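Quick notes on the structure that follows.
The values are calculated or read from the model by the stated rules, or taken from the named source; none is laboratory data. Quick caveat: nothing in here was measured; it's all calculated off a predicted structure. Here the Cβ is made from the backbone with ideal geometry for all residues, glycine too, and neighbour counts use every protein chain on show. For accessibility, only protein heavy atoms count, side chains too; no ligands or nucleic acids. Shrake-Rupley method; radii C 1.70, N 1.55, O 1.52, S 1.80 Å.
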Amino acid sequence: MRHDETPTLSPPGTPGTHAPGSPAPGPSPWMLRIVTVGLVLAALNLRPAITSLGPLLEEVRDTLHMSGSVAGGLTSVPPLCFAVFGFMAPRLARRFGAGAVVCAGMVAIAAGLLLRPFVGGTAGFLAASALALMGIAVSNVLMPVIVKRWFPDRVGTMTGLYSMALALGTALAAALTVPLTDALGGSWKTGLAVWAALAVVAILPWLPLVRDRGPGSDRSAGQAPKPAPALRITRSRTSWALACFFGLQATAAYITMGWMPQIFRDAGIPAGTAGVLLAVTMAMGVPLAFVIPRVASRLRTQGPIVLVLSGCGLAGYAGLYLAPAGGAWLWALLLGIANCAFPLALTMIGMRSRSGAGVVRLSAFAQSTGYLLSIPGPLLVGVLYQHSGGWGLPLALMAALLVPQTVAGMLAGRDRTIEDEC
């Protein structure tokens, strides 16, 4: 058995959920296709709310009269929302079903993206952003859960597929927001609101899954639900290591998404090119987010991958400090490789538990705790940038954070499960 073939509860209609003595029906191919399409479309919508803002942050700041510290706080809103609402995802999934929660998440993303440019004022902008980020938060947590449930023998492959789609959506929003803004009349409000259309499309494949009773449940097959194992996640060292690794990689990712275009603009690079450079960074995740989970799921330990990604991050930060404009494309590529710690973390979430119920708890704990840990990073970068007048101190902070990220990743990548530790 490969490492990505961890046994778990089967989706409705698969062997293991049929009545005793009856033939074991196979999974419905069309339902598996719908779930696959739903995963891809949902993943495409998990970052445009964030990366569409980076290239237009200066215009938004000027219109809403934001200081550098307030703008830094704006870049801290995503991890705050992911932490707060991510903790709610398991309870919502148990009550309404994972499919219904993700469907509602796509609705929230569409509504938030449509409303935030037009509600007026910084408070309204933040509130509408929080609505979209709430939808992203619950979907973030439930993506590994849905993969574990519907594709238990293809965790690495399916994690790679939706991670690739997530990276693609991230890159498209970064690259196309400025050109779309120009094409639609030059207003940043229209340029940000247009991404709501993609979220509306993502709602459709989740509608047939609204009645799916969610991961870890056999209700859809007519059986009484089995009690979930009494796991105390906080007693697991691997859970804490994975949460720290997730939080530190999220810190780096949101600093990059929120501030990298400004670093390039301050170096004399035009806004459109700065957006494309961010898109290059995000686009590196398209092929690598598919490859890394497949490779990681075949290794007993994922420590070597952690080391490679951290090394690329250190080289990228050094380049941004020494020659931000001269080597801009190379630094964008290196930081894009470093950002692939995210699909690696998602893969390890699926590998560090034996059961669907364990993945639910581990995903919620690692992502929510991790995002909570990542909140100060983007805010601190904004404060350092405003008070130092340059990018030396912020870049030094970003490089220093890679050290504990590497240590946590090495610990999280060890060949063990939370059931063993709890």
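Residue count for segment 33-88 under the criterion of being assigned to a helix (DSSP H, G or I) and either modelled with pLDDT of 85 or more or under 19 Å from Gln386 (Cα atoms) (or both): the result is 35. Annotation note: Cβ proximity below 7 Å between a residue of segment 105-133 that is over 15 Å from Pro78 (Cα atoms) and hydrophobic (A, V, I, L, M, F, W, C) and a residue that is outside any helix (DSSP H, G or I) and open to solvent by less than 10 Å² (accessible area, probe 1.4 Å) (sequence gap 6+ or interchain) occurs for Met106/Asn45. Of the residues screened, Ser368 is one that is touching a Gly at 6+ places or on another chain (Cβ under 6 Å), in a helix (DSSP H, G or I) and open to solvent by less than 30 Å² (accessible area, probe 1.4 Å).
Within segment 269-280, is even one residue closer than 12 Å to Ala341 by Cβ and touching a residue at least 12 places away in the same chain (Cβ under 8 Å)? No, segment 269-280 contains no residue that is closer than 12 Å to Ala341 by Cβ and touching a residue at least 12 places away in the same chain (Cβ under 8 Å). Restricted to segment 176-235, and to residues there that are touching a Pro at 6+ places or on another chain (Cβ under 8 Å), in a helix (DSSP H, G or I) and not small (Gly, Ala, Ser), the residue that is modelled with the highest pLDDT is Leu198. Residues in segment 144-180 that are buried (at least 24 other Cβ atoms within 10 Å of the Cβ) and polar (S, T, N, Q) were compared, and the one that is farthest from the chain's Cα centre (by Cα) is Thr177.
Do you know which of the residues in segment 86-101 that are out of contact with any Ser or Thr (no Cβ under 7 Å at 6 or more places or on another chain) and among the small types (Gly, Ala, Ser) is most open to solvent (accessible area, probe 1.4 Å)? Ranking the candidates gives Ala100 first. Checking Leu288, Leu277, Leu309, Leu299 one by one, the residue that is of a type in the set (A, V, I, L, M, F, W, C), within 29 Å of Thr369 (Cβ to Cβ) and open to solvent by less than 20 Å² (accessible area, probe 1.4 Å) is Leu309 and no other.
Among all positions in segment 406-421, there is no residue which is touching a residue at least 40 places away in the same chain (Cβ under 8 Å), basic (Lys, Arg) and assigned to a helix (DSSP H, G or I).
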